[in-house]
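J.: My questions will all concern the structure given below.
The values are calculated or read from the model by the stated rules, or taken from the named source; none is laboratory data. Worth saying up front: this structure is predicted, and the values here are computed from it rather than measured. Cβ placement follows ideal geometry from the backbone for every residue including glycine, while neighbour counts extend to all protein chains displayed.
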Amino acid sequence: MTSLIIDTDPGVDDAFAIALACASPEVDLLAVTTVFGNAALDTTTRNALRLLALCGRDDVPVARGADRPLVHPQVHEAELVHGNDGLSGRAHTLPDSGRSPVESDAVGLMAALLRDAPEPVTIVPIGPLTNIAALLAAYPSLRSRIARLVIMGGALSGGNTTAVAEFNLWSDPEAARRVLVEERLPTLLVPTDLTFRCRVDRAWLDRLSAAGPLGATLVGLTADYVAHYTTFFGEECTVLHDAIAVAEAIRPGLLRTTTYPVEVDCTFGPSRGALVADRRTPEIIATFGSTLARAVDIATDTDVDEVRDFLLTRLAG
Ligand code: BDR
Ligand code: CA
């Protein structure tokens, strides 16, 4: 049994990710912590509570986290992708849990859970990395209590928010750099290069929708999101980025990795928030060295159909 904490900014694909964790008996979902990102913190927190209610998991504590980046305010509206309430304008179709977030904030709750858990815990950050950077800064002694970080973020080639930056890293580059470059935790980064390849089409969404009430409600949240990705790819489809990272946390090894030295661009030029990965061959790096000091496992390949089937089977119940 893998103990799991999801740090999230729901978000349409976050919704699928949370539902996937709830539908997976191999994981013990200890908490959902929220962060600004796809919408403002109040909205992402309300969405997280409602999504857990949808999944019948009102027992999972929700804690509010950061409402802005660590250092530099970053103004970005994700409304054009996720709709004005983070869920394609359909958050009202989810049950109102009637619950509130716990009193502790995200960092406090994660710290308490890490301290008390009998085994190290897997954390899956699927939003800006602000809460995780704050956790590691405030509680360095708890590093050893983290089994691994499975992070959705970054792009090896071409960004989805700027020409070169992916949304989660771009939203708080200083936090991302702290977590990815300055820390030395076991880390698996799931970039858009791979999540794009795992995109699902209308037939997949229709099958999920027909499978039952949970699937129908989730698919009902996707209208704006599907419209965005249909424009992006020129074919009707959507990308469940965050659910791919959670799938790897549930089934370690589902994604194949390559280890690359990395850096996160924290300058204020056009490449702010970009993941810089040294993708020269190991032989060339061994010969010439790399200016990038931290090597991170990056998900670069998978059996795409297996991932799609896994998500569909689990979410269909
Ligand atoms: C990431 O950004 C958000 O739009 C998604 O929820 C995902 O976490 C993809 O770049
Ligand atoms: Ca997200």
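J.: Among the residues of the range 91-128 satisfying the criterion of being closer than 20 Å to residue 214 by Cβ and surrounded by fewer than 18 Cβ atoms within 10 Å (Cβ to Cβ), which is farthest from the chain's Cα centre (by Cα)?
T.: Among those residues, the one meeting the criterion is 98.
J.: Pick from 177, 184, 148, 143: which is basic (Lys, Arg) and either buried (at least 24 other Cβ atoms within 10 Å of the Cβ) or out of contact with any strand residue (DSSP E or B) (no Cβ under 8 Å at 6 or more places or on another chain) (or both)? Write out each step before concluding.
T.: Values: 177 fails: either buried (at least 24 other Cβ atoms within 10 Å of the Cβ) or out of contact with any strand residue (DSSP E or B) (no Cβ under 8 Å at 6 or more places or on another chain) (or both); 184 fails: either buried (at least 24 other Cβ atoms within 10 Å of the Cβ) or out of contact with any strand residue (DSSP E or B) (no Cβ under 8 Å at 6 or more places or on another chain) (or both); 148 fails: either buried (at least 24 other Cβ atoms within 10 Å of the Cβ) or out of contact with any strand residue (DSSP E or B) (no Cβ under 8 Å at 6 or more places or on another chain) (or both).
Just one listed residue meets the conditions, 143.
J.: Just to check your reading of the model, which residue among 281, 258 is over 21 Å from the mean Cα position of the chain (by Cα) and among the hydroxyl-bearing types (Ser, Thr, Tyr)?
T.: 281
J.: Does residue 93 meet the test of being within 16 Å of ligand 1 (Cβ to nearest atom) and over 19 Å from residue 314 (Cα atoms)?
T.: The answer is no for residue 93.
J.: Does the range 177-195 contain at least one residue that is within 16 Å of ligand 2 (Cβ to nearest atom), within 20 Å of residue 31 (Cβ to Cβ) and in a helix (DSSP H, G or I)?
T.: Taking every residue of the range 177-195 in turn, at least one turns out to be within 16 Å of ligand 2 (Cβ to nearest atom), within 20 Å of residue 31 (Cβ to Cβ) and in a helix (DSSP H, G or I).
J.: Going by what's in this entry, would residue 47 be described as in a helix (DSSP H, G or I) and in contact with a Gly (Cβ under 6 Å, 6 or more places away or on another chain)?
T.: So residue 47 passes the test.
J.: I'm checking my understanding of the structure. Among residues of the range 233-256 that are in a helix (DSSP H, G or I) and of a type in the set (A, V, I, L, M, F, W, C), which one is farthest from residue 301 (Cα to Cα)? Break it down into steps so the answer makes sense when it comes.
T.: So the first thing to find is which residues in the range 233-256 are in a helix (DSSP H, G or I), and the list is 233, 241-250.
Now drop any that are not of a type in the set (A, V, I, L, M, F, W, C), which leaves 233, 243-247, 249-250.
Values: 233: 20, 243: 16, 244: 12, 245: 13, 246: 16, 247: 14, 249: 15, 250: 17 Å.
Ranking the qualifying residues of the range 233-256, first place goes to 233.
J.: Being within 16 Å of ligand 2 (Cβ to nearest atom) and farther than 22 Å from residue 51 by Cβ: is that true of residue 234 here?
T.: Numbers: within 16 Å of ligand 2 (Cβ to nearest atom): no; farther than 22 Å from residue 51 by Cβ: yes.
The answer is no for residue 234.
J.: Report, by residue number, each residue of the range 281-302 that is surrounded by 14 or more Cβ atoms within 10 Å (Cβ to Cβ) and modelled with pLDDT under 95.
T.: Scanning the range 281-302 gives 285, 290, 292, 294, 295.
J.: Is it fair to say residue 14 is modelled with pLDDT of 95 or more, within 14 Å of ligand 1 (Cβ to nearest atom), part of a strand (DSSP E or B) and crowded, with 23+ Cβ neighbours inside 10 Å?
T.: No, not satisfied.
J.: Also, I was wondering about something else. Condition first: in contact with a Ser or Thr (Cβ under 6 Å, 6 or more places away or on another chain), acidic (Asp, Glu) and within 10 Å of ligand 2 (Cβ to nearest atom). Now tell me which residues in the range 2-31 satisfy that.
T.: Listed by number, the residues that qualify are 7, 9, 14.
J.: Within the range 90-108, does at least one residue satisfy the condition of being outside any loop (DSSP other than H, G, I, E, B), in contact with a Leu (Cβ under 7 Å, 6 or more places away or on another chain) and of a type outside the set (Phe, Trp, Tyr)?
T.: yes
J.: Within the group 34, 43, which residue is within 16 Å of ligand 2 (Cβ to nearest atom) and surrounded by fewer than 24 Cβ atoms within 10 Å (Cβ to Cβ)? Outline the logic, then answer.
T.: Working: 34 fails: surrounded by fewer than 24 Cβ atoms within 10 Å (Cβ to Cβ).
43 is the lone residue from the list that is within 16 Å of ligand 2 (Cβ to nearest atom) and surrounded by fewer than 24 Cβ atoms within 10 Å (Cβ to Cβ).
J.: Look through 287, 259, 230, 267 and report the one residue that is in a strand (DSSP E or B) and either closer than 27 Å to residue 78 by Cα or of a type outside the set (Asp, Glu) (or both).
T.: Working: 287 fails: in a strand (DSSP E or B); 230 fails: in a strand (DSSP E or B); 267 fails: in a strand (DSSP E or B).
Only one candidate passes the filter, namely 259.
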